[in-house]
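The values are calculated or read from the model by the stated rules, or taken from the named source; none is laboratory data. Please read these numbers as outputs of a predicted model, since none were measured by experiment. All Cβ positions, even for glycine, are placed from backbone atoms using ideal geometry, and neighbour counts span all protein chains on display. Please note that ligands, DNA and RNA were not included when accessible areas were found on the heavy atoms of the full protein model with its side chains. Shrake-Rupley method; radii C 1.70, N 1.55, O 1.52, S 1.80 Å.
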Amino acid sequence: MTKHLTNSKIAIYPIEINDLNFIWKIAYGKKENTWMNRNGPYFNNPVYKKEEFINEVGKRWFENGNTWCITYNNEIVGTVSYYYGDGSLKKWMEVGICIYNPEYWNKGISTTALTLWINHLFENITDLPHIGFTTWSGNKGMMRVGEKTAMLLEGRIRKVRYWQNQYWDSIKYGVLREEWNVLRNKKQ
């Protein structure tokens, strides 16, 4: 049985092979991929064809176990992930989150899912003292998620992300394990 972490209508769980087709459909199977305009658009990431996504990206997610599904009312709406910002040294953990359909933005799904994810990572994956994420000043929603999950704004590199003929700031949020534990204990 797959481990589901839930909070009300929102859950996260490890990606299963049979989830990949649906994830591709909501992420890349539409003409309009609005989420890509928020998720580091300056990287010009590809729009994957179905087979390419399932056989390359999806297979890697499934095998690594570092990307989980987010569900809202039992429907997959996005993913959470982690990676190491320092590569094979594995002393700097970063997280990512993506809600693919804008219909599900501004509903608190990302905040709840990211909270569940950080709890899981600190409890089960890492003994590291810090977890963070990086976004950009054009993604106001992700900046709000950082604030709502009580992460601290740790850095702003001004005008280093170039997109749509404009420079944007790179924004870094993070939380220390001891800060997270204090917050969790207050909520219990």
Note the full-extension length gain between residue 59 and residue 187 as 0.36 nm times their separation in residues minus their Cα-Cα distance, in nm to one decimal. 42.4 nm
Toy charge model, Lys and Arg Cβ at +1, Asp and Glu Cβ at -1: the chain dipole around Cα centroid in debye, rounded to 20, equals 520 debye
How much accessible area per residue does the chain have, in Å², with a 1.4 Å probe? 57 Å²
GNM result for the chain, Cα springs below 10 Å: residue of 112, 34, 71 fluctuating most strongly: 34
In whole Å, what are the extents of the chain along the principal axes defined by its C-alpha atoms, from largest to smallest? 48, 43, 35
Please state, as a whole number in µm²/s, the translational diffusion coefficient that the Stokes-Einstein equation yields for the stretch 47-135 at 20 °C and 1.002 mPa s, with Rh defined as the Kirkwood radius across alpha carbon pairs. 151 µm²/s
Counting all Cα-Cα pairs in the stretch 134-188, those more than 13 Å apart amount in percent to 61 percent
Do the alpha carbons of any pairs in 3/59; 30/90; 25/107; 9/148; 59/159 sit beyond 27 Å of each other, and which pairs? 30/90; 59/159
Those residues of the stretch 123-154 whose amide nitrogen sits under 11 Å from the label point placed on residue 166, 7 Å along Cα→Cβ: 137-139
Enumerate the amide H contacts of residue 138 below 5 Å, restricted to partners 5 or more residues apart or on another chain; note that Pro and chain-start residues carry no placed amide H. 169
Phi angles of the stretch 134-141, converted by Karplus (6.51 cos²θ - 1.76 cosθ + 1.60, θ = phi - 60°) into ³J(HN,Hα) in whole Hz with x for Gly and Pro, give 10, 9, 9, 5, x, 10, 4, x
In whole percent, what relative contact order does the stretch 49-147 give with Cα contacts below 8 Å and a gap of six or more residues? 19 percent
Largest-first ordering by accessible area, 1.4 Å probe, given options 26, 109: 26, 109
When averaged across all projection directions, what area in nm² does the alpha-carbon convex hull of the stretch 1-97 cover? 7.3 nm²
Work out how much length residue 50 to residue 4 would gain on full extension: take 0.36 nm times their residue separation and subtract the Cα-Cα distance, in nm to one decimal. 14.0 nm
Show that you can apply the helix-only estimate: for the chain, add -39,500 (n - 2.57) for every DSSP H stretch of four or more residues, divide by all residues, and state [θ] at 222 nm to the nearest 500. -7000 deg cm²/dmol
So what is the relative contact order of the stretch 65-121, in percent, for Cα pairs below 8 Å that sit 6 or more residues apart? 26 percent
Would you work out the Kirkwood radius for the stretch 89-188? I mean one over the mean of 1/r across all pairs of different Cα atoms, in Å. 14.5 Å
Given a 1.4 angstrom probe, I'd like the percentage of the accessible area of the chain that is carbon and sulfur, rounded to a whole number. 48 percent
GNM on the chain, Cα springs under 10 Å; top mean-square fluctuation among 66, 124, 101 goes to 124
Ranking by accessible area, most exposed first, for 86, 169 with a 1.4 Å probe: 86, 169
